[in-house]
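FYI, it's all coordinate maths here, none of it is from the lab. Here the structure is a predicted model, which is why all the values come from computation and not from measurement. Cβ placement follows ideal geometry from the backbone for every residue including glycine, while neighbour counts extend to all protein chains displayed.
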Amino acid sequence: MEALRDGDPRWAGPFQLVGRLGGGGMGLVFLGRSRGGRPVAVKMIRSDLAQDPGFRHRFAQEVHAARRVNGFYTAQVIDADPDATPPWMATAYVEGPSLAQAIHDRRPLDEDELRRLGAGLAEGLAAIHRCGLVHRDLHPGNVILADDGPRLIDFGIARALDATITTTAVIGTPGFMSPEQVRGQSVSPASDVFCLGAVLAYAVGGFGPFGSGRPDAVLYRIVYEPPDLTAMNHLPPGITALVAACLAKESTDRPSLDSVLTELAASPQPTQWRSRWPPLGPEAGLPQSGTARQNRTELSPGDYLLAPSQPRALPKPSTAAATDSHFALIGAPLAARGVMTMAFSPDGRFLATGSGDGIVQLWDPAERTPIGAPLTGRNGSVLSVAFSPDGRLLAASGGEKLRLWNPATPRTPIDVTALSGVERPSSVAFSPDSRFLATVGGFQVVRLWNPATRSQIGDPLTGFTDHEGTVWSVAFSPHGRLMAISTIKGVVRLWDPDTRAQIGGPLNHGGAASVAFSPHGRLLATAGEDGSVQLWDLTTRTPIGDPLTGRSVAFSPHGRLLATGGEDGSVQLWDLTTRTPIGDPLTGHNGPVRSVAFSPDDRLLATGGSGVQLWAPTRLRVRARPRTAPTTSLIFAPIGDSLTGHDGPVLSVAFSPDGRFLATGGHDKAVRLWDPATRSPIGEPLYYANYGSDGPATSVAFSPDSSLLAIAYSVVASLWNLTTRRQVNTYLNSGSSVAFSPDGSLLASSGQDGTVCLWNPAARMPVRNRLAGHRGAATSVAFSPDGSLLASSGQDGTVCLWNPAARMPVRNRLAGHRGAATSVAFSPDGSLLASSGQDGTVRLWNPAASAPISNPLTGHRAPLTSVAFSPHGRLLATGGEDGTVQLWDPAACTPIGDPLAGHNGPVRSVAFSPDGSFLATVSDDSTVQQWAREP
């Protein structure tokens with residue numbers, strides 16, 4: 001449970017509010033106490049909804065209908081005040097684990113348990129339908145296994161069936177939505193029957209009948225593909241046939257709840273849920289906090305359209321997970337033995353493990369299941385696995401030789417005859433730009449290969465001395481300009497892979513078994529066989545403080561955490577700012593933890609040793625560095641304190657063309673509007689959620705007339721009317737960036753599949769086919785001032801130019817960045833195009849000639865995240881993961897003044913105000929900083 005914040009209400013009618021339990025699509029949920037001390041869950045409606053008289057009327061109708069539902073089947077409505085400011089509703093707290101939690105932590109149900117569950121849910125749904133309601137969001141997280149049977153909770157999106165208040169909004173949880181919900185059609189009790197079938201299939205197999213993955217793909221399968229009921233093959237055919245009938249695509253083909261109850265109500269014994277799933281609440285008898293926002297491991301990441309607002313118990317910490325660890329253990333270990341090495345694919349869809357028995361196995365980390373049979377054919381232990389940056393190659397080293405696979409078709413290894421010169425490789429790594437594959441093996445043999453042709457690049461690297469011992473581990477820096485190689489005698493050397501020259505002298509650390517670069521490239525961690533981990537400052541090439549404990553090491557993608565695996569089977573999380581341990585160690589391995597890895601989205605930590613454990617982060621707080629005093633000799637100076645309000649990293653920022661709004665979005669799934677003049681928030685945040693995608697707001701863009709705001713998040717872009725503050729359109733299969741054309745007739749969005757899509761803001765459909773030009777995700781889009789060109793940047797390091805009218809590429813791709821190109825921007829007169837890169841450089845291009853106009857601009861000490869021109873075109877601003885903003889003279893291609901240093905974390909986005917007098921910057925430190933032009 002989270003403590004109440006400043007500004008939170010303290011009372012709701014007769015109930016005292018004592019803490020926050022979470023939030024959902026309709027508002028916040030608080031833990032309350034009645035005057036007699038009974039715990040209740042109090043839902044407070046969002047103020048923007050409360051200002052809508054139509055919503056208040058619907059809410060009052062819903063409360064009235066919900067009161068009529070027997071509390072034997074649901075969380076009983078205890079009290080409500082639809083006319084209060086804000087409106088609220090109090091429900092009873094139902095003690096017990098959710099079905100999702102129980103299946104996740106223990107095991108699927110057997111036949112008898114399934115019959116009892118299905119019959120109980122059918123009774124509950126029938127009771128709801130008799131009161132004129134349709135639940136519309138039945139899924140495993142909304143089923144509580146109480147002492148006396150299953151209870152249905154969360155009426156946050158139920159709607160009365162009266163025609164005057166029926167809505168066709170697409171609301172629900174992907175994987176557990178009916179086809180008519182996906183299509184946005186009106187729902188009926190038959191919709192709940194479909195959801196019931198999906199829940200029963202999940203209860204038997206531990207996965208939904210339409211799989212997992214990208215929400216849009218799951219929704220497509222619901223509408224067009226048959227359900228996967230293979231997990232029910234061991235059950236009597238009648239039960240499987242009943243579930244299949246519930247999952248019929250047409251609502252008229254589904255059975256009635258009475259038929260379902262007749263088929264399933266053959267259980268001879270009363271349900272004894274608690275004998276299998278003991279109470280999970282704390283000893284004090286009050287419910288632990290646990291909503292969709294805090295307990296995302298109940299379903300696959302991104303599976304919620306609206307966060308369930310009814311509180312439920314969190315999983316009881318496993319005996320293998322300390323209660324103060326900030327990471328929670330997810331289920332039992334994966335069935336892998338003697339794991340030596342692990343790696344996540346760049347998109348997070350695969351986890352590869354290599355074991356001492358010579359086996360490489362691919363896993364689905366979301367489902368926690370193996371993908372296909374083990375990849376065999378190796379003599380000796382697998383010591384290293386690595387994915388190429390585009391995810392199309394998986395390399396494994398160890399034993400006699402190197403092996404390569406395509407993860408999409410792993411059954412057929414890739415011919416590596418050309419790599420036959422590799423001497424018993426112990427480690428393998430791809431460079432961030434995919435130009436190099438490095439292998440170390442033999443006594444002191446380091447080779448570089450071209451991954452595309454599998455041909456060796458030059459002779460092996462030399463420069464080690466005999467007493468340094470066998471080379472053991474290799475890693476590339478994020479920008480690709482450095483390669484670290486360690487030996488078993490504890491010597492680490494740095495190389496430039498392009499010039500093949502050593503950089504400086506060796507770094508010495510006893511028995512360095514593995515090496516890892518921080519995401520911003522400024523730190524190197526070396527883990528030794530002596531059980532110590534040393535951090536190094538690569539600028540000064542000096543050790544940072546005393547060694548930490550551990551023998552394996554990994555940096556989190558955001559660069560604020562370090563995970564170390566120990567000889568004692570524990571894993572420790574460290575705060576890199578203070579170099580202090582975070583919480584208690586994670587325990588559960590029987591023997592040394594030989595490998596640790598974070599998923600690319602920071603949602604999982606994998607630890608390998610005796611098996612593979614998956615951990616999910618809880619609400620982690622990392623201490624911030626002391627704020628750096630801003631430099632006085634700047635042409636921009638900070639205005640007052642930073643703007644606060646976001647709960648987590650802030651990733652995107654934009655000024656409206658009329659200068660009235662400043663929009664910011666980030667990890668807290670909300671976009672906030674500010675008045676740039678008064679530096680105060682404007683209204684409540686815009687809470688976006690649709691089609692199962694509720695990821696962070698990676699991009700925001702205003703229409704030219706400032707009336708619309710586009711928000712990019714996950715695989716969705718949504719469009720909002722700023723007058724009504726309502727969402728007016730949603731675009732599927734979008735990506736991380738959005739931009740309006742100068743005349744407002746087009747909205748461009750970048751895609752994770754490397755394409756760019758053009759949309760008509762007045763319609764949901766794309767204008768024409770997608771523009772395909774990048775290998776890997778497209779990261780940013782921008783229109784030229786006259787609208788004749790569209791630029792896109794990609795993870796492949798290139799910039800593409802398009803003719804948006806003809807939907808055709810313009811000349812060749814612009815290549816030059818080493819690593820991803822992260823952002824693009826046109827100058828106001830359209831004569832320049834700027835691109836920022838993961839390599840820490842800014843490149844200026846002549847878009848008319850598709851050619852560079854200067855050498856790369858350098859100065860940042862870490863990858864760049866964003867670039868923006870001032871309205872008059874005389875300034876260029878860049879933000880970097882080094883936490884600074886640099887101003888440039890684009891005409892002279894030189895930096896202007898010292899960097900702006902005011903954030904305590906990576907700067908994610910920069911934007912100039914329309915008149916050029918202000919600069920706004922946002923950061924992982926959860927703040928928004930405004931800078932004013934010095935007179």
Taking 516-527, 719-730 and ranking on average Cβ neighbours within 10 Å, highest first, one gets 516-527, 719-730
Scoring only Lys, Arg, Asp and Glu (+1, +1, -1, -1) among other residues with Cβ under 13 Å from the Cβ of W11 yields 0
A chain fully extended from S34 to D148 at 0.36 nm per residue, minus the present Cα-Cα distance, gains in nm 38.7 nm
Proxy exposure order for R116, R56 (fewest C-beta within 10 Å first) is R56, R116
Percent of all Cα-Cα pairs per 5 Å bin for segment 327-617, counting from 0 up to the last occupied bin, reads 1, 6, 13, 18, 20, 18, 13, 7, 2, 0
The extension gain from S917 to A762, computed as 0.36 nm times the residue separation minus the Cα-Cα distance, is 52.5 nm
Place a point 7 Å from the Cα of S831 in the direction of its beta carbon; the residues of segment 880-894 whose amide N falls under 16 Å from it are 889-894
With label points set 7 Å from each Cα along the Cα-to-Cβ direction at N855 and Y220, the distance between them in nm comes to 4.7 nm
Charge tally for neighbours of R725 with beta carbon under 13 Å away, counting Lys, Arg as +1 and Asp, Glu as -1, is 0
Gyration tensor on Cα atoms of segment 455-496, a ≥ b ≥ c root eigenvalues, a/c under 1.5 rounded, else prolate if a/b beats b/c, else oblate, says oblate
Quick calc: nm separation of the 7 Å Cα→Cβ label points for A848 and A892 -> 2.5 nm
Under 14 Å by backbone N from the virtual spin label 7 Å along Cα-to-Cβ at D546, the residues of segment 578-614 are 579-581
By the mean-Cβ-within-10 Å protection proxy, highest first, 425-432, 869-876 rank as 425-432, 869-876
When F55, F464 are arranged by how many other beta-carbons sit within 10 Å of their Cβ, fewest first, they go F55, F464
Around D743 (Cβ within 15 Å, Cβ-to-Cβ, excluding D743; K/R +1, D/E -1) the net charge comes to -2
Checking rank on 594-603, 201-210, with mean other Cβ inside 10 Å and highest first, the result is 201-210, 594-603
For segment 649-933, whose charge dipole is built from +1 on Lys and Arg Cβ atoms and -1 on Asp and Glu Cβ atoms, the candidate among A710, A806, G879 with its Cα farthest towards the positive end is A806
Checked segment 832-889 against the a/c 1.5 cut and the a/b vs b/c comparison, axes a ≥ b ≥ c from its Cα gyration tensor; verdict oblate
Placing each pseudo-label 7 Å from Cα in the direction of the beta carbon, E250 and D112 end up separated by a distance in nanometres of 4.0 nm
Computed over segment 649-933, the relative contact order (Cα-Cα under 8 Å, seq sep at least six) in percent reads 11 percent
The relative contact order of segment 327-617, taking Cα pairs under 8 Å that sit 6 or more residues apart, comes to a percentage of 14 percent
